[in-house]
1. Give me the net charge for the shell around residue 57: Cβ to Cβ below 12 angstrom, other residues only, Lys and Arg +1, Asp and Glu -1.
2. Label residue 15 and residue 79 with points 7 Å out from Cα along Cα→Cβ: what is the distance between them in nm?
3. Just list whichever of 51/156; 100/206; 156/202; 101/156; 8/51; 58/148 have alpha carbons separated by over 29 Å in the model shown.
4. Along Cα→Cβ, 7 Å out, is where each label goes; now give me the distance between the ones at residue 210 and residue 162 in nm to one decimal.
5. Please report, to one decimal in angstroms, the Kirkwood hydrodynamic radius of region 1-45 built from all distinct Cα-Cα pairs.
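Just so you know, all these numbers are worked out from the coordinates, no wet-lab data involved. Everything numeric here is computed off the predicted structure, so don't read it as measured data. No Cβ is skipped: glycine too gets one built from the backbone with ideal geometry, and neighbour counts run over all protein chains shown.
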Amino acid sequence: MASLDRVKVLVLGDSGVGKSSLVHLVCQNQVLGNPSWTVGCSVDVRVHDYKEGTPEEKTYYIELWDVGGSVGSASSVKSTRAVFYNSVNGIILVHDLTNKKSSQNLYRWSMEALNKDSSPTGVIVSNGDYDREQFAENPIPLLIIGTKYDQIPENKRSDVLTRTAFLSEDFNAEEINLDSTNPRYFAAGSSNAVKLSRFFDKVIEKRYFTRDPSQLTGFTDRKRFNFKSLHYD
């Protein structure tokens with residue numbers, strides 16, 4: 001088999017949100033039996049058919065870099081993670097739908113990755129104004145995934161999804177909510193599978209088909225993003 005072109009996608013979020021289980025499900029189409037804490041970074045690969053079913057169809061490797069989720073403020077922790085933020089082509093931001101704080105911290109994770117040369121200094125402010133234009137101008141494709149959907153009581157699911165829906169708007173990204181212990185959430189033809197495929201197509205397109213050379217190597221020459229003030233009702 002000929003060598004395939006590849007793209008690098010970061011998978012970011014707090015410890016315990018289920019990033020490793022998600023990556024295993026996406027790459028192996030299987031449930032991860034005994035998930036453990038990720039130390040440093042773990043990489044898995046998915047084979048993806050870009051523009052499947054069209055004359056432009058081509059197969060690529062999608063490298064999913066599952067970065068350890070400590071959100072400690074120690075500069076040594078952030079500087080260690082920074083080595084994984086080079087030449088990135090896409091980001092999947094993962095939060096636990098049953099853990100409000102993990103949703104809040106997606107802002108911190110995105111800022112840390114997009115500003116890999118500096119630590120984010122902003123503070124989350126309830127009922128503040130979030131500058132969505134920052135992410136509207138971001139050339140790096142983003143995807144939001146909420147995990148542990150099965151653990152939300154049925155009578156509270158509507159409220160939880162309403163509470164987290166603005167994340168998609170703030171990050172200018174599509175949103176997927178699922179249970180990483182159930183492969184049916186990525187069943188062929190499902191809305192989640194379509195969203196995931198569309199995201200990977202976008203990552204590949206930005207990496208290999210954009211006419212703007214500054215967007216070809218991930219974060220190397222990207223604009224710096226800063227906190228304004230963040231809302232979380």
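1. -2
2. About 2.1 nm, to one decimal.
3. Beyond 29 Å: 51/156; 100/206; 156/202; 58/148.
4. Simple spin-label model gives 3.7 nm for this pair.
5. 12.0
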